[in-house]
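Below is one structure, written out as structure tokens; the observations come after it.
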Amino acid sequence: MKQRLLFLGPPGAGKGTQASLLCKSQDLRHLSTGDLLRSEVSAGSELGKEAEAVMNRGELVSDSLVLAIVKTQLKALKNQGWLLDGFPRNVAQAKAIDPLLQELSQPIEAVVLLELDDSVLIERMLLRGRADDNKSVILNRLEVYREQTAPLIRHYENLNLLVSVKAQGSVETVASRVKEVLN
Ligand code: B4P
């Protein structure tokens, strides 16, 4: 199975859920920028203070801040495969990480796009109930996804890296679809 992966998709599609399962079963390092940012927020660090207000509005944290976190994490990895979950969130982040991946001789092997209708996304996020999961923030996140993140679909299609997975159905059903496209 491929060892260096990106998970892409709208907020609430289940990127974090599927990434955790796959990383456990394949012994990959799970690098979720959302989780990394939330740990900074809980730790009350300067970085966390900067990120918290932005996340609670449903907007994207600055590229420089997110890139600094991702670069540190990737450089610390030795010979383990990895899965970047929720990163990149825009074309600028995608372009900025390329030179580092080249330097580390660790090119991306596949980009998994999780696809789901807005009505199901909204329902899942309202049930999840995180600090940034209220209706108006969710609608803003979907808008931000369409404007800033969705252009990455074309970007990775052009690089022949994109594989799409339907994200409706049970967690187990989606997990087996993900494994199928990565084999
Ligand atoms: P993330 O932490 O990435 O979260 P997400 O996109 O909202 O959710 P995800 O798709 O991972 O869904 P989940 O598995 O939880 O982003 C949060 C914020 O962080 C962003 O808005 C942004 O501000 C910031 N951020 C993160 N990365 C950034 C970056 N690179 N640049 C700038 N800012 C960044 O699933 C959702 C819910 O559905 C869960 O409750 C789950 O249990 C449930 N679920 C999952 N699969 C299901 C299934 N098959 N059936 C039923 N329920 C399911």
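The values are calculated or read from the model by the stated rules, or taken from the named source; none is laboratory data. Owing to the predicted nature of the structure, the values given are computational and were not obtained by experimental measurement. Backbone-built Cβ (ideal geometry, glycine too); neighbour counts: all protein chains shown. These accessible areas exclude ligands, DNA and RNA; they are computed on the full protein's heavy atoms, side chains included. Shrake-Rupley method; radii C 1.70, N 1.55, O 1.52, S 1.80 Å.
With r as the distance between the Cβ atoms of E147 and N183 and R0 = 35 Å, compute the FRET efficiency 1/(1 + (r/R0)^6) and round to 0.05.
Working: r = 33 Å, r/R0 = 0.96.
After rounding, the FRET efficiency stands at 0.55.
Given a 1.4 Å probe and every protein chain left where it sits, what share in percent of the accessible area of the range 4-182 is carbon and sulfur?
Whole-percent figure for carbon plus sulfur exposure: 50.
Counting only heavy atoms of protein chains, what accessible area per residue, in Å², does the chain have with a probe of 1.4 Å?
Details: 9240 Å² over 183 residues.
Each residue of the chain exposes 50 Å² on average to a 1.4 Å probe.
So which of K15/K71; K95/K135; K49/K166; K24/K49; K24/K135; K15/K75 end up more than 26 Å apart, counting from Cα to Cα?
On the way: K15/K71 20 Å; K95/K135 32 Å; K49/K166 35 Å; K24/K49 31 Å; K24/K135 32 Å; K15/K75 23 Å.
Table pairs above 26 Å Cα-Cα are K95/K135; K49/K166; K24/K49; K24/K135.
Taking K and R as +1 and D and E as -1, what net charge do the other residues with C-beta under 12 Å from the C-beta of S64 add up to?
On the way: positive: K71; negative: E50, D63.
Surrounding charge for S64 is -1.
Among rounded, prolate and oblate, which fits the range 4-182 when a ≥ b ≥ c are the square roots of the eigenvalues of its C-alpha gyration tensor, a/c under 1.5 means rounded, and a/b larger than b/c means prolate?
Working: a/c = 1.43, a/b = 1.07, b/c = 1.34.
Here the range 4-182 falls in the rounded category.
Given a 10 angstrom Cα cut-off, can you work out which residue in E143, E50, E103 is the most mobile in a GNM of the chain?
Of E143, E50, E103, the Gaussian network model singles out E103 as fluctuating most.
With a bin width of 10 angstrom, please list the P(r) values of the range 59-100 as percents of all Cα-Cα pairs, from the 0 bin to the one holding the largest distance.
Result, from short to long distances: 24, 61, 14, 0 percent.
Grab the Cα-Cα distance for T173 and A53, subtract it from 0.36 nm times how many residues apart they are, and report the gain in nm with one decimal.
Details: separation 120, 0.36 × 120 = 43.20 nm, distance 3.52 nm.
Difference between extended and current length: 39.7 nm.
I want to check the label-to-label distance for V120 and L139. Put each point 7 Å from Cα in the C-beta direction and report it in nm to one decimal.
Placing both labels 7 Å along Cα→Cβ, they lie 2.3 nm apart.
Report the residue, chosen from S25, S62, S164, that carries the largest GNM mean-square fluctuation when the chain is represented by alpha-carbon nodes joined by springs under 10 Å.
Highest fluctuation of the listed residues: S25.
So between A76 and R128, what do we pick up on full extension, going 0.36 nm a residue minus the alpha carbon distance?
Details: separation 52, 0.36 × 52 = 18.72 nm, distance 3.14 nm.
This chain segment gains 15.6 nm when fully extended.
Build a GNM of the chain with springs between Cα atoms under 10 Å: which of E52, E172, E109 gets the top mean-square fluctuation?
Fluctuation is largest for E172.
Taking square-rooted eigenvalues a ≥ b ≥ c of the alpha carbon gyration tensor, is the range 103-183 rounded, prolate or oblate, where a/c under 1.5 means rounded and, failing that, a/b exceeding b/c means prolate?
Working: a/c = 2.22, a/b = 1.44, b/c = 1.54.
Since a/c reaches 1.5 but b/c is at least a/b, the shape of the range 103-183 is classed as oblate.
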